[in-house]
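Every number here is computed from the coordinates shown, using simple stated rules; none is lab data. Source: prediction; values computed, not measured. Cβ atoms come from the backbone with ideal geometry, glycine included; neighbour counts cover every protein chain shown.
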Amino acid sequence: MSSLRAFSLSSFRRAVSDFLNYEIGAGYHDRNFESGATGVEDYDDLIYRVALTGESDVSKLFLGFQKNLNDFSKRASWYFEAQRFTLSVEHTFVEKLTCTLATYYQKNDYETIIPPYTEVRDDEIWDGFVGVRYKIRDWISAGLSFEHTDRDSNISEWNYTENRVFANIRCEYSTAMRW
């Protein structure tokens with residue numbers, strides 16, 4: 001278990017033009033973990049998020065960098081500091097065909113040794129995504145995409161490469177358009 005003594009995250013969003021926005025957010029984690037119970041050192045560090053978004057009628061661009069403490073693991077002692085760089089581009093051709101290209105790089109620095117290993121785990125994750133979506137009607141579209149993920153860890157048992165193909169049908173209905 002942990003106690004979060006102080007956390008503050010403030011974000012500032014600003015439109016530079018009709019098409020370009022930026023966001024800057026910063027905060028601070030000051031966490032105390034029950035000594036001896038989890039083996040995790042107390043964490044106290046700055047967290048932040050910086051993002052740039054560009055959008056027109058047919059194109060979108062997102063560029064972002066963030067740092068935070070990730071504690072979504074089901075195991076209490078698997079806390080890690082994550083630093084992530086993200087880039088995505090989307091463009092719609094002929095009003096019906098949307099193509100997406102996205103990538104991210106994430107560095108995970110674990111805060112403690114995970115038994116039975118004898119060293120602190122560090123991961124580097126590269127992910128790439130390419131997809132296409134066809135709008136059948138205003139409210140329904142079909143898509144196909146491919147995602148490649150490569151995790152490189154200093155503990156070889158956590159290394160992996162994964163390739164996934166997705167097919168989907170998306171239904172969107174807006175009640176606001178009907179009023």
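May I ask you to evaluate 6.51 cos²θ - 1.76 cosθ + 1.60, the Karplus curve with θ = phi - 60°, for each residue of the stretch 159-167 and list the ³J(HN,Hα) values in order in whole Hz, giving x for glycine and proline?
Karplus-based 3J(HN,Hα) across the stretch 159-167 equals 6, 6, 10, 9, 10, 10, 10, 10, 10 Hz.
Using alpha-carbon pairs under 8 Å, 6+ residues apart, how would you state the relative contact order of the stretch 104-146 in percent? Before the final figure, lay out each step's value.
Working: 53 pairs, mean separation 13.3, N = 43.
It comes to 31 percent, rounded to a whole number.
Could you run the Karplus curve 6.51 cos²θ - 1.76 cosθ + 1.60 with θ = phi - 60° over the stretch 80-94 and give me ³J(HN,Hα) per residue in whole Hz, x for Gly and Pro?
Coupling constants for the stretch 80-94: 8, 8, 10, 10, 9, 10, 10, 9, 9, 9, 9, 9, 9, 9, 6 Hz.
Order these by the 10 Å Cβ neighbour count, fewest first: 126, 78. Each step should come with its number before you reach the end.
Working: 126 14, 78 18.
With the sparsest Cβ surroundings first, the list reads 126, 78.
For residue 63, what charge total do you get from the other residues with a beta carbon under 14 Å from its beta carbon, if Lys and Arg give +1 and Asp and Glu give -1?
Its environment carries a net charge of 0.
Report ³J(HN,Hα) in whole Hz for each residue of the stretch 100-111, in order, from the Karplus equation J = 6.51 cos²θ - 1.76 cosθ + 1.60 where θ = phi - 60°; Gly and Pro get x.
Karplus values, whole Hz, x for Gly and Pro: 10, 10, 9, 8, 8, 10, 10, 10, 10, 10, 6, 8.
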